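S.K.: The structure's right below; bear with me while I get my questions together.
The values are calculated or read from the model by the stated rules, or taken from the named source; none is laboratory data. All of these numbers come straight from a predicted model, not from anything done at the bench. Cβ coordinates were reconstructed from backbone atoms using ideal geometry, including for glycine residues, and neighbour counts include every protein chain displayed. When the accessible area is computed, the model is the full protein with side chains, heavy atoms only, and any ligands, DNA or RNA have been set aside. Shrake-Rupley method; radii C 1.70, N 1.55, O 1.52, S 1.80 Å.
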Amino acid sequence: DAGVTQSPTHLIKTRGQQVTLRCSPKSGHDTVSWYQQALGQGPQFIFQYYEEEERQRGNFPDRFSGHQFPNYSSELNVNALLLGDSALYLCASSFRTGGNTEAFFGQGTRLTVV
Amino acid sequence: SQQGEEDPQALSIQEGENATMNCSYKTSINNLQWYRQNSGRGLVHLILIRSNEREKHSGRLRVTLDTSKKSSSLLITASRAADTASYFCATGITGGFKTIFGAGTRLFVKA
């Protein structure tokens, strides 16, 4: 049983560019949440997708957008990249209730903006 | 801003000793979870305690929750070098779907 998989593992982008990160949830999970983790900090909630819709959003600008597909996989898109967007981006999957149950995390995508 | 605040920020102990980490939070919660993270990679879920529970055990882990004080503690008994990692508390907010993480405690267990 594959866990949560994220791609790519590492990415280097230039300021102003756009990036797409991908996540496949654990088998049987239908909810995907995305987090940004700056170095030395805890993960910050970006948003959560359930039934192909954004269910809740954290304090992130509209440059951060996402999508969930019918097979429950998800993408995180970041436009007009800033140096401050450099971070580890984590995807977590869970079943139905999101914040009220155990979430399984992927290994993350390390994004560096230069 | 982050909901949970862990204390201490860093902890260094000898193998075999117990490690205690504390977490405080601000708002009403449905549950509180503890996660471990090795070397800045993915988080591993350790234990979930619901708001109506006061104590929970899992192997060498013991978690307590005091909702009146809005605080929780994680005790790792008989620590091992392999327990070296960052530990985060995370809260499931009442009426919401997101999980909010604290800044973490960095535990270093010396062999």
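S.K.: What does the structure give for A:55-65 when I average, per residue, the other chain Cβ atoms found within 10 Å of the residue Cβ? Before the final figure, lay out each step's value.
M.R.: Numbers: counts 3, 4, 1, 2, 1, 0, 0, 0, 0, 0, 0.
Mean partner shielding for this stretch: 1.
S.K.: In addition: Using 0.36 nm times the number of residues separating A:HIS10 and A:ARG63, minus their current alpha carbon distance, what extension gain do you get? Could the numbers behind the result be given before it?
M.R.: Details: separation 53, 0.36 × 53 = 19.08 nm, distance 2.02 nm.
Additional length available on full extension: 17.1 nm.
S.K.: Give me the distance in nm between label points sitting 7 Å out from Cα along the Cα-to-Cβ direction at B:ARG50 and A:ASN77, one decimal.
M.R.: Label-label distance for B:ARG50 and A:ASN77, simple model: 4.0 nm.
S.K.: Could I ask something else about it? Let me know the longest stretch in chain A that avoids all trypsin sites (Lys or Arg not before Pro) found in a DSSP loop with at most 14 other C-beta atoms within 10 Å.
M.R.: Details: sites that count: A:ARG15, A:ARG63, A:ARG96.
Longest site-free region, per DSSP loop and neighbour criteria: A:16-62.
S.K.: From the backbone phi of the range A:65-72, what are the Karplus-calculated ³J(HN,Hα) couplings (6.51 cos²θ - 1.76 cosθ + 1.60, θ = phi - 60°) in whole Hz, Gly and Pro given as x?
M.R.: These are the phi-based 3J(HN,Hα) values: 9, x, 7, 10, 9, x, 8, 6 Hz.
S.K.: Taking amide H atoms as placed 1.01 Å from N in the peptide plane, list the residues 5 or more away in sequence, or in a different chain, whose amide H sits under 5 Å from that of A:GLY66.
M.R.: For A:GLY66, the qualifying residues are A:ASN77.
S.K.: List, largest first, the extents of the alpha carbons of the protein assembly as shown along their principal axes, each in whole Å.
M.R.: Each principal axis gives a Cα extent; for the protein assembly as shown these are 48, 36, 35 Å.
S.K.: On to the next question. I need the Kirkwood Rh of chain B: take the reciprocal of the average 1/r across all distinct C-alpha pairs and report it in angstrom.
M.R.: Working: mean 1/r = 0.0721 Å⁻¹.
13.9 Å is the Kirkwood radius here.
S.K.: Give A:LYS26/B:LYS56; A:LYS26/B:LYS98; A:LYS13/B:LYS70; B:LYS26/B:LYS56; A:LYS13/B:LYS26; A:LYS13/B:LYS98 a once-over and call out the pairs whose C-alpha atoms are over 30 Å from each other.
M.R.: On the way: A:LYS26/B:LYS56 26 Å; A:LYS26/B:LYS98 18 Å; A:LYS13/B:LYS70 41 Å; B:LYS26/B:LYS56 21 Å; A:LYS13/B:LYS26 37 Å; A:LYS13/B:LYS98 28 Å.
Long pairs (Cα-Cα over 30 Å): A:LYS13/B:LYS70; A:LYS13/B:LYS26.
S.K.: Note the per residue figure in Å³ for the convex hull of the C-alpha positions in the range A:5-113. Intermediate results must be reported in sequence, preceding the final value.
M.R.: Numbers: hull volume 9.9 nm³, N = 109.
Output value, Cα hull per residue: 90 Å³.
S.K.: Got a sec to turn the phi values of the range B:94-111 into Karplus ³J(HN,Hα) couplings, 6.51 cos²θ - 1.76 cosθ + 1.60 with θ = phi - 60°, whole Hz, x for Gly and Pro?
M.R.: Result, ordered by residue: 4, x, x, 10, 8, 10, 10, 9, x, 7, x, 10, 8, 9, 10, 10, 8, 6 Hz.
S.K.: Also, quick follow-up: Using a 1.4 Å probe, how large is the accessible area of B:ILE100, given in Å² and rounded to the nearest 10?
M.R.: About 30 Å², rounded to the nearest 10.
S.K.: At 1.4 Å probe size, with no ligands or nucleic acids counted, give the accessible surface of A:HIS67 in Å², nearest ten.
M.R.: 80 Å²
S.K.: Next up: Name the long-range amide H neighbours of A:GLN17: under 5 Å, sequence gap of 5 or more, or other chain; modelled H, no Pro or chain starts.
M.R.: A:LEU81
S.K.: Additional query: In terms of modelled amide H atoms, which long-range or inter-chain residues lie less than 5 Å from the amide H of B:GLY104?
M.R.: Here the answer is B:GLU6, B:CYS89, since their amide H atoms fall under 5 Å of that of B:GLY104.
S.K.: Just to be sure I understand the model, the point goes 7 Å from the Cα along the line to the Cβ. What's the resulting B:ASN38 to A:ALA38 distance in nm?
M.R.: 2.8 nm
S.K.: Whole-Hz Karplus ³J(HN,Hα) for the range A:88-94, in order, using 6.51 cos²θ - 1.76 cosθ + 1.60 and θ = phi - 60°, x for Gly and Pro?
M.R.: Rounded to whole hertz, the list is 8, 9, 10, 10, 10, 10, 7.
S.K.: Over all distinct alpha-carbon pairs, what is the Kirkwood Rh of the range B:54-111 in angstrom? Don't skip to the end; give the middle numbers.
M.R.: Working: mean 1/r = 0.0764 Å⁻¹.
Hydrodynamic radius (Kirkwood, Cα pairs) of the range B:54-111 is 13.1 Å.
S.K.: Also: Using alpha carbon centroids, what distance separates the range A:38-99 and the range B:39-62, in Å?
M.R.: Cα centroid to Cα centroid, the span is 23 Å.
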